[in-house]
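In what follows, a single structure is set out as structure tokens and then discussed.
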There are 2 protein chains.
Amino acid sequence: MNIEVCFTPQAYPLFHNPNSIVVVIDILRATSAITTAFFNGVSKMIPVATVEEAASYKHQGYMVAAERNGEILEGFDLGNSPFGYMNAKVKGKTIVITTTNGTQAIEASKQAKKIIIGSFLNQDSVIDYLRKEKKDVLFVCAGWKNKFNMEDTLFAGAIAHDLIYKYDFTTSCDSTLSAIHLHSLAKHNLYGFLSNSSHRNRLAKLDLERDIKYCLTPNQCPVIPIMEGNFLVKA
Amino acid sequence: MNIEVCFTPQAYPLFHNPNSIVVVIDILRATSAITTAFFNGVSKMIPVATVEEAASYKHQGYMVAAERNGEILEGFDLGNSPFGYMNAKVKGKTIVITTTNGTQAIEASKQAKKIIIGSFLNQDSVIDYLRKEKKDVLFVCAGWKNKFNMEDTLFAGAIAHDLIYKYDFTTSCDSTLSAIHLHSLAKHNLYGFLSNSSHRNRLAKLDLERDIKYCLTPNQCPVIPIMEGNFLVKA
């Protein structure tokens, strides 16, 4: 079972492998929000790439989350703060979601055999799922507007490390080796390690320190969101 | 003066900055070969992206280097082994060159204000050049067929570290921070650190250990190759 890490949605076609399970990662904050949503009882989510698609669902009466550049777009119900999904009003609902990077990464991976959603919040559940599936794994980092992103890479490194050193996975991919090395430097203090990172600073300006700390705390939401057709559901 | 690292030629348009000096990096082996060539008295080089262009220069009587997947293409004079350029027959010559990744990275960066060639072989010369120029710096890693590559990243990290910690450069770019972290782990034994890396293994199969060790040994060729129009010349 081979592991690769694709650092940006733009690069996905270079990594496409019909046998891979794709793990989409957007730690700050889309995949953390999605993981939190399913842990809090959301029934289904519909990830869409554009604000136009999101608006059209809104007109049909759906609950819709729409974020761009860290902020909720006017006229929509939710953004990508995980705290927005810790609320009785989401329970049992189908929620449409579009975000700056995370939903683009899901869109880019659409040709994959299977897509699951990863975040520190469901870290051990992701490891458990992948080791039982025994398939090649491709981590697709959402990045920031197709640029490399630190926190997504750290999460890929955390999972890749355990799959390789505790189970029978292998890699011959420099991006995977880098992710593992970076996680080894960061793991004892993820929040501190990210103090100079671009996205932590971008969100800090928006007064989202509470979101950042939550998103970097492992295993608070032991669920696996998985794509089935155009829907995300709980595996 | 801001520093960014672009991990693959594919991503160049996302990083283009009309004020940046671009440092093209293909440690194994194109930019190491080019640095070696100028140190050994080559007069000019003409980097071209395709084998067809290289062949057309060959028909015009030029000395032509052409490499794909680590090997010299049949009918051409040289490949991208630096040792091919340590030869009196190259002195004063204009050499056309096309390689799997390195010349693609130069091609991708063509819109840049200024392009120089970096390798461990001219490491201190590159630092010296950039600190005197006092401009934004964009490292463009050649990678491997548009995938992330370890050794190119380590070199970018080495230079970025010195520019930031010894001179007045800054960065807010996660790929630069990653390159610096990875270089900090690798710097005491570059060859050992790369033992699992994809390209070192690719070249080892071609019996190119001598090339690899040479390309990882800093400051053997204190020259700066620079693009002037379609030519590389010595700065």
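The values are calculated or read from the model by the stated rules, or taken from the named source; none is laboratory data. Because the structure is a prediction, the values reported are computed rather than measured. Ideal geometry is used to build each Cβ from the backbone, glycine not excepted, and the neighbour counts take in all protein chains shown.
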Report task. Go over the candidates A:138, A:232, A:208, A:163 one by one and state the one that is more than 14 Å from chain B (Cβ to nearest Cβ) and touching a Phe, Trp or Tyr at 6+ places or on another chain (Cβ under 7 Å). Result -> A:163
Report task. Read through the list (1) closer than 16 Å to residue B:3 by Cβ; (2) within 14 Å of chain A (Cβ to nearest Cβ); (3) under 18 Å from the mean Cα position of the chain (by Cα), then give the number of the only condition that residue B:147 fails. Result -> (1)
Query raised in the report: Does the stretch B:179-198 contain any residue that is touching a Gly at 6+ places or on another chain (Cβ under 8 Å) and of a type in the set (Ser, Thr, Tyr)?
Result: yes
Query - Among the residues listed as A:8, A:100, A:94, A:50, the single one being more than 14 Å from every other protein chain (Cβ to nearest Cβ), closer than 28 Å to residue A:194 by Cβ and of a type outside the set (Lys, Arg) - result: A:100
Requested in this report: Would you check if there is a residue in the stretch A:68-79 being under 21 Å from residue A:219 (Cβ atoms) and outside any helix (DSSP H, G or I)?
Outcome: no
Report summary line: Within the stretch A:163-201, residues farther than 28 Å from residue A:2 by Cα and among the basic types (Lys, Arg) come out as A:200
Query raised in the report: Taking the stretch B:176-191 as the search range and keeping residues that are at the interface with chain A (Cβ under 8 Å from one of its Cβ atoms) and free of Cβ contacts under 8 Å to residues at least 24 places away in the same chain, which one is nearest to residue B:140 (Cα to Cα)?
Result: B:177
Query raised in the report: What about residue B:55, is it buried (at least 16 other Cβ atoms within 10 Å of the Cβ), away from every other protein chain (no Cβ under 14 Å) and more than 27 Å from residue B:195 (Cα to Cα)?
Result: yes
**Report entry** the stretch A:17-48, subset more than 15 Å from residue A:234 (Cβ to Cβ) and of a type in the set (Ser, Thr, Tyr), residue surrounded by the most Cβ atoms within 10 Å (Cβ to Cβ)
**Finding:** A:32
Query raised in the report: Out of all the residues in the stretch A:22-44, is one or more without any contact (Cβ under 8 Å) to a residue 40 or more places away in the chain and over 18 Å from residue A:101 (Cα atoms)?
Result: no
**Report entry** Which listed residue is surrounded by fewer than 24 Cβ atoms within 10 Å (Cβ to Cβ), modelled with pLDDT of 95 or more and under 20 Å from residue B:9 (Cβ atoms), from B:114, B:145
**Finding:** B:114
Query raised in the report: Does any residue in the stretch B:192-207 that is within 18 Å of residue B:146 (Cβ to Cβ) come within less than 7 Å, Cβ to Cβ, of a residue that is part of a helix (DSSP H, G or I) six or more places away or on a different chain, and which pairs are these?
Result: B:197/A:174; B:197/A:177; B:197/B:150; B:197/B:151; B:198/A:174; B:199/B:151
Report summary line: The correct count of residues that are closer than 13 Å to residue B:83 by Cα and either in contact with a strand residue (DSSP E or B) (Cβ under 8 Å, 6 or more places away or on another chain) or away from chain A (no Cβ under 14 Å) (or both) in the stretch B:11-30 is 2
Query raised in the report: Is it true that residue B:96 is in a helix (DSSP H, G or I) and not polar (S, T, N, Q)?
Result: no
Requested in this report: Would you point out which residue out of B:206, B:190 is closer than 24 Å to residue B:101 by Cα, of a type outside the set (S, T, N, Q) and touching a strand residue (DSSP E or B) at 6+ places or on another chain (Cβ under 8 Å)?
Outcome: B:206
Requested in this report: Might you let me know whether the stretch B:76-83 holds any residue that is more than 14 Å from chain A (Cβ to nearest Cβ), of a type in the set (Ser, Thr, Tyr) and buried (at least 19 other Cβ atoms within 10 Å of the Cβ)?
Outcome: yes
